[in-house]
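Chemist: Sharing a structure below in structure tokens format, with a few things to ask.
Computed from the coordinates by the stated procedures, all read-outs in this text should not be read as laboratory data. What you see is a predicted model; the values in this text were computed from it and never measured. Because the Cβ atoms are built from the backbone with ideal geometry, glycine has one as well, and the counts that use them run over all protein chains shown.
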Amino acid sequence: RPHVGWCDDVFFADWIYQMAENNSFLSTAWGAKPCYFPLYTIFMVGWVKVFGFSYVSIHIPNILFALVSYLIIALSLVNYKLIQKKWSVLGFSLCYWFGNSLFWNFNNGRVESLALLIAVVTIYMYAKYISSKNYTSLIAFIFCSFLMGMTAVQGLIVVFVIIFLHFCLTFKESIRKWYVYLLYGVGYGFGFLTTCIFFFFNKYFGRFHQN
């Protein structure tokens with residue numbers, strides 16, 4: 001849909017610019033606040049160093065994140081036979097790309113698209129391990145949980161709700177794999193701790209805590 005820059009575009013873009021050009025984690029556009037959970041900003045610093053700093057280059061990664069998330073969700077829905085009719089796939093696609101919800105964030109410069117991608121991959125790896133006991137999937141699940149601790153709280157909530165619902169619906173089977181849920185918390189906890197250490201050693205922990 002047509003889109004023009006809005007305030008949060010400027011805030012997040014300024015964090016990226018300040019970190020890339022001045023090695024600063026503070027936004028001059030947002031009252032000298034430190035950057036949000038740092039993974040997105042750190043990724044974008046590397047991105048703009050390669051592709052330049054512009055309105056287009058700032059927004060392309062979010063579109064790519066959203067596209068990969070869409071493909072994983074759509075293929076999972078089909079493979080797990082959660083939807084079987086072509087009209088259902090079309091309906092999901094329309095809701096995903098044009099719904100007025102979290103998914104429209106692919107169209108701006110915020111962190112939610114990356115958080116969505118990490119959440120989707122986390123859930124996918126969880127489902128893959130639960131169904132096949134593939135330990136590579138378990139390791140990927142823990143790693144994605146760790147990345148969520150450096151990205152955004154929204155992803156944590158989405159994954160928690162879905163995993164909790166699955167646990168309740170398949171209690172007898174899921175209780176035998178209690179360690180998976182413990183590892184999810186441990187992974188996220190270490191990610192959040194890494195975020196705190198990151199800002200502490202860069203002397204911005206107090207401001208990050210306030211933010």
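Chemist: So which trypsin sites (Lys or Arg not before Pro) in the range 37-102 end up in coil per DSSP with only 10 or fewer other C-beta atoms within 10 Å? Don't jump to the answer; show the numbers that get you there.
Modeler: Working: sites: 49, 81, 85, 86; in loops: 81, 85.
Here the trypsin sites (Lys or Arg not before Pro) that fit, given the DSSP loop and packing criteria, are 81, 85.
Chemist: Something else now. Using the Karplus curve 6.51 cos²θ - 1.76 cosθ + 1.60 with θ = phi - 60°, what ³J(HN,Hα) values do you get for each residue of the range 109-126, in whole Hz, with x for Gly and Pro?
Modeler: Using θ = phi - 60°, the values come out as x, 8, 8, 4, 5, 5, 4, 5, 4, 5, 5, 5, 5, 4, 5, 4, 5, 4 Hz.
Chemist: Which length gain, in nm to one decimal place, applies between residue 86 and residue 55 when the Cα-Cα distance is subtracted from 0.36 nm times their residue separation?
Modeler: In short, 7.6 nm is gained.
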